[in-house]
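First comes the structure, then the notes that go with it.
Values quoted throughout were computed directly from the atomic coordinates according to the rules given, and no laboratory measurement underlies them. Keep in mind it's a predicted model, so treat the numbers as computed, not measured. Please note: Cβ atoms are built from the backbone with ideal geometry, for glycine as well, and neighbour counts cover all protein chains shown.
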Amino acid sequence: MTAAPDNLPDDIAALRAALAAEQLARREAEARASGAEAMVAHLKLLIARLKRDKYGASSERGRKLIDQLELELGELVAAAGEDATKLEKATDKEGRTRRPDSPPRGQPVRAPLPAHLPRERVVIPGPTACPCCGGKLSKLGEDVTETLEVEPIRWKVVQTVRERFSCRSCETVTQPPAPFHPIARGRAGPNLLAMILEAKFGQHLPLNRQSEAYAFQGIELSVSTIAD
């Protein structure tokens, strides 16, 4: 609440305090509005996904609508985060104190990364001698920073070589049997077939979208080939 024009204080310090309080209240209102818009976009996205799961997708239009809602939701969440950060900085400037171990307001507490994932340890080499006096160093401990990372899909061609041999005595030709393929005379491996099926029936990703994604990675797989 701002003071009425007739009741404004005459002291400059009081006027500055009132102005700062007004600006802080405005930032709080903007942060709440950004959070509300992000929540509305999130609910719209959930409704669109529920309708798609219940009634199915008759065309690509439903998927494009969901992609657009996801894009708008990402922008709104980013804007809400920026407003919350600005509000946090403004609150700190006002002199309001908070516990040192408490997370900044408007930011969720980070959960630990999944324990079942493999860990790749990268050790940064430390100094071999004291940078000040050149004396011998003794290790006190270490700080570990964990970063979630992913390895992109790596395409490869598996060449199964079957060597032929002939007997010098009876001239019989011997060769190992041909490898097993999930599809007769097909050139798709089991992992590729599993990825296509999971994207189709697990993620409800149409075959034309999969074909476009593979083309971006340099693999030409037409829709008819994937369907066959």
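Pull up all non-local amide H partners of L205: gap of 5 or more, or a different chain, and H-to-H distance under 5 Å with H placed in the peptide plane.
For L205, whose amide H was placed from the backbone, the distant partners under 5 Å are K200.
Once phi is turned into ³J(HN,Hα) by the Karplus curve 6.51 cos²θ - 1.76 cosθ + 1.60 with θ = phi - 60°, what whole-Hz value does each residue of segment 13-21 show in order, with x for glycine and proline?
3J(HN,Hα) across segment 13-21, in whole Hz: 4, 5, 5, 5, 5, 5, 5, 5, 5.
Which whole-number percentage describes the relative contact order of segment 165-227, with Cα contacts under 8 Å and a sequence gap of 6 or more? Intermediate results must be reported in sequence, preceding the final value.
Values: 34 pairs, mean separation 10.2, N = 63.
The normalised contact order for segment 165-227 reaches 16 percent.
Taking the Cα-to-Cβ direction at S169 and at L15 and moving 7 Å from each Cα, how far apart do the two end points lie in nm?
With each label point 7 Å from Cα toward Cβ, the separation is 11.5 nm.
Can you work out the Karplus-derived ³J(HN,Hα) for every residue in segment 199-208? Use 6.51 cos²θ - 1.76 cosθ + 1.60 with θ = phi - 60°, whole Hz, and x for glycine or proline.
With coefficients 6.51, -1.76 and 1.60, one gets 5, 6, 9, x, 9, 6, 9, x, 5, 5 Hz.
Give the shape of segment 100-228 as rounded, prolate or oblate, defined through the alpha-carbon gyration tensor: a ≥ b ≥ c are the square roots of its eigenvalues, a/c under 1.5 means rounded, and otherwise the shape is prolate if a/b is larger than b/c and oblate if not.
oblate
Regarding segment 165-227, what are the three Cα extents along the principal axes, ordered largest first, in Å?
Projected onto the principal axes, the Cα atoms of segment 165-227 cover 59, 23, 17 Å.
What is the sum of charges around I219, taking Lys and Arg as +1, Asp and Glu as -1, for the other residues whose C-beta is under 13 Å from the C-beta of I219?
Working: positive: R154, K156, R187; negative: E212, E220.
My count for the surroundings of I219 gives +1.
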